[in-house]
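Data block below; observations after.
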Amino acid sequence: MDKLIVVSLITFIFGIIIGYLIRQNIVKGQIKSAEQKIKTQLEEAKTKAKEIILTAKDKAAAILDDAQKEEKERKRELSLFEQRLNHREELLNQKLTETEEKNRSLEDNIKKVKEIKEKVESLRQEAQKELERVANLSIEQAKKELFDQLEKTRQQEITDLLRKLEKEKQDELEKKAAEILETNIQRLSRSVSSEMTTSVFSINDEELKGKIIGREGRNIKALERATGVDIIIDESPDTIVLSSFDPLRRELAKITLEKLIKDGRIQPAKIEEKAEEAKKELNEKIKEAGENAAFELGILDLPKEIIYLLGRLNYRTSYGQNVLQHSIEAAHLAKMIASELGANVDVAKKGALLHDIGKAIDHEVEGTHVELGRKILQKYGISEEIIKAIEPHHEDYPFETPESYIVAAAEAISASRPGARRDNIENYLKRLENLEKIALSFDGVQKAYAVQAGRELRIFVLPEKIDDLGALNLAKQIATKIHNELNYPGEIKVNVIRETRAVEYAR
């Protein structure tokens, strides 16, 4: 057993020794192989380095050669530039010399001219003195005498010629103006109607008159109070007369009656409700009237506020003539006249349409309609050209543009057409308007209506400001002011109404 172990150990040791020797040989072989590879790589690297160095030397030589060529070229260019500079310098020196010579020559010539001028002036003065001595007249006296003689000889001829030219020109202008106006008036064919102070409302049933009057006249009184219109119900069949100097109020009463009849319930509370509805509907009709007027004339750029004021003119009159229809007619005329004369058609047309826009403002605002219209147009951004065309149509302002003459002419033509206006109606309406204006000038007055053709003034006061005694005093004060300030036939009844209402809702 021991021998076997010894043999095994010897065999193991011997194997180790043999393995070690074999490994040593393998390592030596690998080392030799690696050394061989390194040598080969070193040789290849040296070869590449030599090639790189040779290439670099060639490039350096080429760059150096190019640099030398560029340097030679620059030297050549500098040499040429230097030569040109030298040549220019020589030219400048030559010109400078020539200029100096010319200056010296000019100075000599100037001196000679001055000497000659002095000699000529001296000779002229001597000749003038000799002439004055011989003629016994100064130069100014001789001129004056010559001009006086020419003026006397030719004055009559010039005067006659100027008169002839003026007369021919005036005749020609008048003939041309007459032709333009005649042609344009004939081209514009519009109906002429004069606004009255009453409107007729038609009904289908006579029994409606009793409902409108109401028990003890309560309904008709409420209707008159809500609309400010005098309602006349007489024996005329199927008709009710609405009387007021204000067309807006008559239209409001008409719409209110239509709504009440359609509803069927005619009573004070319902009358007030329908009157409020009628006011809204009337505002829409006013807006529509303004839009239609602008559309008819092809004017599409007016502000909506101006359009609304134009619509209000449909319910205004001037000497019985509808102001909106008058403005539309004047705008058509102004457009045609401006086209004939070569003026600004757009400015003339808009100016004529808007020339009475100030009349759309209620009489509570002070100022002439021209001044009010000018302020309104400025407020809403209407161009200054149009405002200048409007201002002088009553000659309150100077005529500054051709369009201002055209607007004034168109307005006058429209107003002067036969049957267009009635002075007596205008004076009557003015009196009614002044009646209401006087009443509204007192503190505590809520509404004021001139009714019964101006024979009665109905005034509604605020009960919290005016008591019963105050109502009596107010009626007397208003009557006194009317007596002192207005001229009117007969007498005017001042009726002050004070009403207190208590309203509560059951829920």
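In table form, for the structure just shown:
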{"read-out": "Number of the exception - ALA338 against (1) within 27 Å of ARG431 (Cα to Cα); (2) touching a residue at least 60 places away in the same chain (Cβ under 8 Å); (3) of a type in the set (Gly, Ala, Ser); (4) buried (at least 23 other Cβ atoms within 10 Å of the Cβ)", "value": "(1)"}
{"read-out": "Evaluation of LYS285 against (1) over 29 Å from ALA352 (Cβ atoms); (2) assigned to a helix (DSSP H, G or I); (3) of a type in the set (Lys, Arg) (one fails), failing number", "value": "(1)"}
{"read-out": "ILE337 vs. criteria within 21 Å of the chain's Cα centre (by Cα) and either of a type outside the set (Ser, Thr, Tyr) or at pLDDT 85 or above (or both)", "value": "no"}
{"read-out": "PRO303, sole failed condition from (1) closer than 25 Å to GLN321 by Cα; (2) at pLDDT 85 or above", "value": "(1)"}
{"read-out": "Residue, modelled with the lowest pLDDT, within region 233-270, restricted to residues that are surrounded by fewer than 21 Cβ atoms within 10 Å (Cβ to Cβ) and in contact with a Leu (Cβ under 8 Å, 6 or more places away or on another chain)", "value": "LEU248"}
{"read-out": "Any hit, region 75-83, residues being modelled with pLDDT of 80 or more, assigned to a helix (DSSP H, G or I), aromatic (Phe, Trp, Tyr) and surrounded by 10 or more Cβ atoms within 10 Å (Cβ to Cβ)", "value": "yes"}
{"read-out": "Within region 477-507, tally of residues that are of a type in the set (D, E, K, R) and exposed (fewer than 12 other Cβ atoms within 10 Å of the Cβ)", "value": "6"}
{"read-out": "Selection from region 460-480 of residues that are free of Cβ contacts under 8 Å to residues at least 40 places away in the same chain and part of a strand (DSSP E or B)", "value": "VAL461"}
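The values are calculated or read from the model by the stated rules, or taken from the named source; none is laboratory data. On a predicted model such as this, the values are computed, not experimentally measured, just so you know. Here Cβ is always computed from backbone atoms with ideal geometry, including for glycine, and neighbour counts include all displayed protein chains.
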